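Scroll down for the structure; my scribbles are underneath it.
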Protein chains: 2
Amino acid sequence: VHSGLGEFEIIKRYFEREARDPAVILGVGDDAAVIDVDGPLVVAVDTLVEGRHFPPTLPPESVGHRSLAVNLSDLAAMGARPRWACLALTLPKADPDWLEAFAAGFFELASRFGVDLVGGDTTRGPLIISVQLLGTIESTSALTRAGGRPGDDVYVTGSLGDAAAALALLTGQESDNADLPSELMHRFAYPEPRVDMGLGLSALAHSAIDVSDGLVADLGHICERSRCGAELAVEKLPLSTALLGRFPLDAARQFALTGGDDYELCFTAAPEAAEAIEQLADSLNLTLTSIGRLTDGDRLDVQLGGRSLDIGVAGYAHF
Amino acid sequence: VHSGLGEFEIIKRYFEREARDPAVILGVGDDAAVIDVDGPLVVAVDTLVEGRHFPPTLPPESVGHRSLAVNLSDLAAMGARPRWACLALTLPKADPDWLEAFAAGFFELASRFGVDLVGGDTTRGPLIISVQLLGTIESTSALTRAGGRPGDDVYVTGSLGDAAAALALLTGQESDNADLPSELMHRFAYPEPRVDMGLGLSALAHSAIDVSDGLVADLGHICERSRCGAELAVEKLPLSTALLGRFPLDAARQFALTGGDDYELCFTAAPEAAEAIEQLADSLNLTLTSIGRLTDGDRLDVQLGGRSLDIGVAGYAHF
């Protein structure tokens, strides 16, 4: 008997919810969950570490939202439908207010995308959240990083650099953090995974990745896995009004090129697919920008005013 | 460019291995893995926190082994066949020696049970390892905590209390830690998940759980989920020679009743199944002990010399 909330109480009170998906045969509460799966299963896992991926001041609703959003974004990049999640939550203490807010942020996003929490565990330790997400493929095959072909157009959804700019302001890397615009803060705290766009792209695009480590690093992964190069025009990068209102153009572009955390999709497709892809984005009310093309080279060529830049930073390095 | 190993190098060098299971369509290296699944999928996740679940002095081979073993044990308790794992690894620094030894411990166990590592991520932070394991069911349904019936015999595999005794000696909760017997240390450092026993039990047992939080707590979970009580005879608890050689009988029994970390199976079955269950254990060269029975009561009655004990500790509480 102990005064705080025990592991089993935490799970029961905050995380044991009736699964809505009839494919869930057994949910939270046993040694493992059991799900009825028929066909290709997509599996992603992503971890958030307090003080590394988000500042300790981030509201728990946002921590809950982001811990699922980063995984939803991985599945979006695979053109998969997210279905079932497991949550491994390591917590310094069992604070009911924190847990309630965290669960609210997590489940708001989960229910919006039809995801059931089927398992997980809670342990005591530094605040680290690891979510594992399972999804299914409705197309003939998954969208990967490896399918890009020279001549493909390169696209990104939404706008880039907002979340990285917010994080820089939040963590004081930028000197004046007194006036963090709420639009930028929202982009960091509540990233919107592009799940429906990914589902639509699974039949239209050749390759895709989500922008989590920075555009240069992530487009670089597509190039590496697709064994091709790319040209990217800095002038074309989609920059939000909020970002341009707070930072000079140069700094905004730097955030867009190398900042992670936006969780937009970067993908490539044949020029013939352009019209269908624009229609898809329109139907989802999503901004879409063509920023360059894949080449038969072996490097990522970032151009400004038609001249190659030496970028010198390869996105976000985790170590 | 940075001097240490980056996330992508760590994954490539230590964790990107060719999957041997043809069901793995896409393994480590993209936004997510893709697996061809047909039928019920079993999903478990378990986390180990340095300083909480194991002492910082534990060799990295053992950390790798245990991080997978605890999940294999969950699947064993479901009567499932383990197939695919994801690894979320949070590390204070990228030490090649540590990573190599950790991976050796992880993959030795993985390959022995035919498990492919299909995904994961590495992040920087305090040492925390979260493994998510997927498996399949070959029987008609999974073995759960909920199927126990009054009159069932209660069994445990192997011996109990060894790992808890080792941990107490390792962490200095026991005064004299100079002579930690190597058998006890091995039981803590390299627990052997009872996967084959679980697979065999799926057609024979009514309910099962793995002993990870301590026998009293874990048998309590079976009682709660099966809506029944249990009687347990302390005299019958299987205690190893190593444990009895190092501790007085009373202390040994206490470790067996409340110590976790043994990762033996506790399960219940109809008396008519006794012979088949004994034959199964014999064929696997596994010690099996009947320690009591399920009752139509609502409490776990722990008896010594025919009299009920007041245990007072409910196994391992995570908070």
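Residue under question is A:Arg149, and the condition is that it be of a type in the set (Lys, Arg), closer than 27 Å to B:Gly120 by Cβ and open to solvent by 20 Å² or more (accessible area, probe 1.4 Å); does it hold? Answer is no for this residue. Which condition number in (1) assigned to a loop (DSSP other than H, G, I, E, B); (2) in contact with a helix residue (DSSP H, G or I) (Cβ under 9 Å, 6 or more places away or on another chain); (3) within 14 Å of chain B (Cβ to nearest Cβ); (4) buried (at least 22 other Cβ atoms within 10 Å of the Cβ) is the one that A:Ala142 fails? The failed condition is (2).
Taken over the stretch A:222-241, the criterion of being assigned to a helix (DSSP H, G or I) and open to solvent by 20 Å² or more (accessible area, probe 1.4 Å) is satisfied by A:Glu224, A:Arg225, A:Glu235, A:Lys236, A:Thr241.
Yes/no per residue for (1) under 18 Å from the mean Cα position of the chain (by Cα); (2) on the phi < 0 side of the Ramachandran plot; (3) facing chain B (nearest Cβ under 10 Å):
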{"position": "A:Met78", "(1), (2), (3)": "yes, yes, yes"}
{"position": "A:Cys86", "(1), (2), (3)": "yes, yes, yes"}
{"position": "A:Gly105", "(1), (2), (3)": "yes, yes, no"}
{"position": "A:Gly114", "(1), (2), (3)": "yes, no, no"}
{"position": "A:Thr122", "(1), (2), (3)": "no, yes, yes"}
{"position": "A:Glu138", "(1), (2), (3)": "no, yes, no"}
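Checked against (1) within 18 Å of the chain's Cα centre (by Cα); (2) under 30 Å from A:Asp179 (Cα atoms); (3) of a type in the set (S, T, N, Q), A:Ser207 passes all but a single condition, namely (2).
When each of B:Ala19, B:Ala94 is tested for being open to solvent by 30 Å² or more (accessible area, probe 1.4 Å), small (Gly, Ala, Ser), assigned to a loop (DSSP other than H, G, I, E, B) and touching a residue at least 60 places away in the same chain (Cβ under 8 Å), the lone residue that passes is B:Ala19.
Yes or no, residue by residue, for (1) exposed (fewer than 15 other Cβ atoms within 10 Å of the Cβ); (2) not in a helix (DSSP H, G or I):
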residue: A:Leu199; (1), (2): no, no
residue: A:Leu204; (1), (2): no, yes
residue: A:Ile209; (1), (2): no, yes
residue: A:Val216; (1), (2): no, no
residue: A:Gly245; (1), (2): yes, no
residue: A:Cys266; (1), (2): no, yes
residue: A:Thr289; (1), (2): no, yes
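Look at (1) open to solvent by less than 30 Å² (accessible area, probe 1.4 Å); (2) farther than 21 Å from B:Asn285 by Cβ; (3) at pLDDT 95 or above; (4) not charged (D, E, K, R) and you find that B:Leu249 fails only one, number (1). Among the residues making up the stretch B:112-139, those that are open to solvent by 30 Å² or more (accessible area, probe 1.4 Å) and without any contact (Cβ under 8 Å) to a residue 60 or more places away in the chain are B:Arg112, B:Arg124. Pairs linking a residue in the stretch B:38-57 that is more than 7 Å from every other protein chain (Cβ to nearest Cβ) to a residue that is part of a strand (DSSP E or B) and acidic (Asp, Glu), with Cβ atoms under 6 Å and 6 or more positions apart or on different chains, are B:Pro56/B:Glu50.
Among the residues of the stretch A:39-70, those that are closer than 19 Å to B:Ala85 by Cα and not aliphatic (A, V, I, L, M) comprise A:Gly39, A:Pro40, A:Asp46, A:Thr47. Looking only at residues in the stretch B:23-80 that are out of contact with any helix residue (DSSP H, G or I) (no Cβ under 6 Å at 6 or more places or on another chain), of a type in the set (D, E, K, R) and part of a strand (DSSP E or B), the one that is surrounded by the most Cβ atoms within 10 Å (Cβ to Cβ) is B:Glu50.
The values are calculated or read from the model by the stated rules, or taken from the named source; none is laboratory data. Predicted model, so just to flag it, every value in this text is computed and none were measured. Using ideal geometry, Cβ is built from the backbone for each residue, glycine included, and neighbour counts are taken over all protein chains shown. Side chains are part of the model used for accessible areas, which takes the heavy atoms of the whole protein and leaves out ligands, DNA and RNA. Shrake-Rupley method; radii C 1.70, N 1.55, O 1.52, S 1.80 Å.
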